[in-house]
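Colleague: Sharing a structure, written as structure tokens. Questions coming.
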Amino acid sequence: MIKGQNTTGAKRLISYALGDGYTQWMGMAPEGKFPARLGPTPGSQAYVQAWRRLPSGVDTKRRLDAVYDPQTMNAISGVWTNLNRWAIPQGQGSILGPVSAELPISKAVAGMANGSMTPTGAAREARDAVDEIATSGS
């Protein structure tokens, strides 16, 4: 929200997007999203369960839980409970934006996937790129 602007409208949008509209938002390409909010109340798994049932695909639509086996769905569903955070606990939260924008890790993984880099080379390249971002302050 921008200070001094329409904060009432912005608050309503945020409340909707994080509440009643959350599942609908996830429904736009659910294969590329996972609910960071597990449910509308503490302990609820409503958004996780809704995500599992969302139709996915371009030409042919199928529920995510019909595409992926239960073991895969459970592994994906456990991400937020098992996620080890990085950057913020280490005092480097300022690099999160640039790392997200410049995609050094994704680029290194793509290089490995297309055969232009070894796994060791990809790891080195990603590390060096993130180090460069951290030291440049960009």
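The values are calculated or read from the model by the stated rules, or taken from the named source; none is laboratory data. None of the values given here were measured: they were computed from a predicted structure. Virtual Cβ from ideal backbone geometry, glycine too; neighbours counted across all protein chains shown.
Colleague: Can you report the number of residues in the range 8-43 which are of a type in the set (S, T, Y) and loosely packed, with under 12 Cβ neighbours inside 10 Å? First the steps, then the outcome.
Modeller: Step one: filter the range 8-43 for residues of a type in the set (S, T, Y), giving 8, 15-16, 22-23, 41.
After this cut, where a residue has to be loosely packed, with under 12 Cβ neighbours inside 10 Å as well, the list is 8, 15, 41.
Residues flagged as of a type in the set (S, T, Y) and loosely packed, with under 12 Cβ neighbours inside 10 Å within the range 8-43 amount to 3.
Colleague: Right, another one. Does at least one position in the range 102-122 carry a residue that is out of contact with any strand residue (DSSP E or B) (no Cβ under 6 Å at 6 or more places or on another chain), more than 30 Å from S136 (Cα to Cα) and surrounded by fewer than 13 Cβ atoms within 10 Å (Cβ to Cβ)? Show your work before the answer.
Modeller: The first filter runs over the range 102-122 and keeps only residues out of contact with any strand residue (DSSP E or B) (no Cβ under 6 Å at 6 or more places or on another chain), leaving 102-122.
Applying the additional criterion that residues be more than 30 Å from S136 (Cα to Cα) yields none.
Within the range 102-122, not a single residue is out of contact with any strand residue (DSSP E or B) (no Cβ under 6 Å at 6 or more places or on another chain), more than 30 Å from S136 (Cα to Cα) and surrounded by fewer than 13 Cβ atoms within 10 Å (Cβ to Cβ).
Colleague: Of the numbered conditions (1) within 23 Å of G27 (Cβ to Cβ); (2) at pLDDT 90 or above; (3) assigned to a loop (DSSP other than H, G, I, E, B); (4) of a type in the set (A, V, I, L, M), M117 fails exactly one; give the number of that condition.
Modeller: Among (1) within 23 Å of G27 (Cβ to Cβ); (2) at pLDDT 90 or above; (3) assigned to a loop (DSSP other than H, G, I, E, B); (4) of a type in the set (A, V, I, L, M), M117 violates only (1).
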